[in-house]
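Quick notes on the structure that follows.
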Ligand code: NDP
């Protein structure tokens, strides 16, 4: 895990759940962290919890759906730290609604946050990593990025799209020294289902029972970091627990 020490590591979705757990777990290796999501106060809370010196943590609020602004935010990181060694793209939203009921705008929103935002941030960071001759993209997909599940058609589509994009990027950049890890979590204990979009695009606001019984986020983060250190290309974590529900 020493590869994380002194590395410049950017985590999106760091204000909550899995991203927060990744930040806290990484902090043990004394890296420089960039913490991003929309809620600045929550990012500041996580920054304090890392226990890292203020000079080693940049709180950088951003909205993944505001793709036009992402290149400027990469420039902020470049000016502060000069490089990006790891980019954990973890920010994401989900849905709870059947296709027949779902407004088209819900699909657009899911793709904007979960896919187009990720593509835009990747494209903005890529020239930096290519110039470095190293860099590792770690992307939080889902079990739903591999199979279709009820009530999540747009979510599944957005996560499936990540696999196509990043498998292609891996093939294009492997010889340049870059790495891609796609992680497919099963149910992990986070508040994600509370913020799920309902059929009209409004927040659904209910916690899933399966979610509450999922793997603790800190356990997930530890397993993910081991997989990243081993440069695994695709890894399922917590999937076994949900197989009976999904299949
Ligand atoms: P949380 O709701 O706890 O975290 C989601 C994170 O994404 C928050 O930090 C949120 O911050 C951020 N986010 C949401 N929308 C935006 C946006 N428009 N711009 C920037 N940041 C945004 O859920 P999880 O931790 O569970 O989710 C993290 C990832 O894990 C997601 O990609 C999710 O799809 C994936 N996943 C989760 C599973 C689970 O069971 N928990 C299972 C499979 C995959 P803020 O609101 O401050 O912007």
* Asked: Among the residues of the stretch 190-204, which ones are over 20 Å from residue 104 (Cα atoms) and either near the ligand (Cβ under 7 Å from one of its atoms) or part of a loop (DSSP other than H, G, I, E, B) (or both)?
  -> 190, 191, 192
* Asked: Can you name every residue in the stretch 27-40 that is in contact with a strand residue (DSSP E or B) (Cβ under 6 Å, 6 or more places away or on another chain) and either over 19 Å from residue 228 (Cβ atoms) or more than 11 Å from the ligand (Cβ to nearest atom) (or both)?
  -> 31, 32, 33, 34
* Spot the failing condition for residue 218; the list is (1) closer than 22 Å to residue 29 by Cβ; (2) in contact with a helix residue (DSSP H, G or I) (Cβ under 6 Å, 6 or more places away or on another chain); (3) surrounded by 17 or more Cβ atoms within 10 Å (Cβ to Cβ), and only one is missed. => (3)
* Single unsatisfied condition, residue 43 versus (1) assigned to a helix (DSSP H, G or I); (2) more than 9 Å from the ligand (Cβ to nearest atom); (3) without any contact (Cβ under 8 Å) to a residue 40 or more places away in the chain -> (2)
* **Complete set of residues in the stretch 63-80 that are within 18 Å of residue 8 (Cβ to Cβ) and surrounded by 13 or more Cβ atoms within 10 Å (Cβ to Cβ)** => 70, 71, 73, 74, 76, 77, 78, 80
* Filter result for residue 150 (in contact (Cβ under 8 Å) with a residue 12 or more places away in the chain and surrounded by fewer than 17 Cβ atoms within 10 Å (Cβ to Cβ)) -> yes
* Residues of the stretch 6-38 being in contact with a helix residue (DSSP H, G or I) (Cβ under 9 Å, 6 or more places away or on another chain), at pLDDT 95 or above and assigned to a loop (DSSP other than H, G, I, E, B), which ones? -> 7, 13, 14, 15, 16, 30, 31, 37
* Asked: Hey, residue 180 hits all of (1) more than 15 Å from the ligand (Cβ to nearest atom); (2) in a helix (DSSP H, G or I) but one; which does it fall short on?
  -> (2)
* Structure fact -> Scanning the stretch 190-205 for residues that are in contact with a helix residue (DSSP H, G or I) (Cβ under 7 Å, 6 or more places away or on another chain) and touching a residue at least 60 places away in the same chain (Cβ under 8 Å), the one surrounded by the most Cβ atoms within 10 Å (Cβ to Cβ) turns out to be 197
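The values are calculated or read from the model by the stated rules, or taken from the named source; none is laboratory data. Please read these numbers as outputs of a predicted model, since none were measured by experiment. For neighbour counting, all protein chains shown are included, and Cβ atoms are generated from backbone atoms with ideal geometry for every residue, glycine included.
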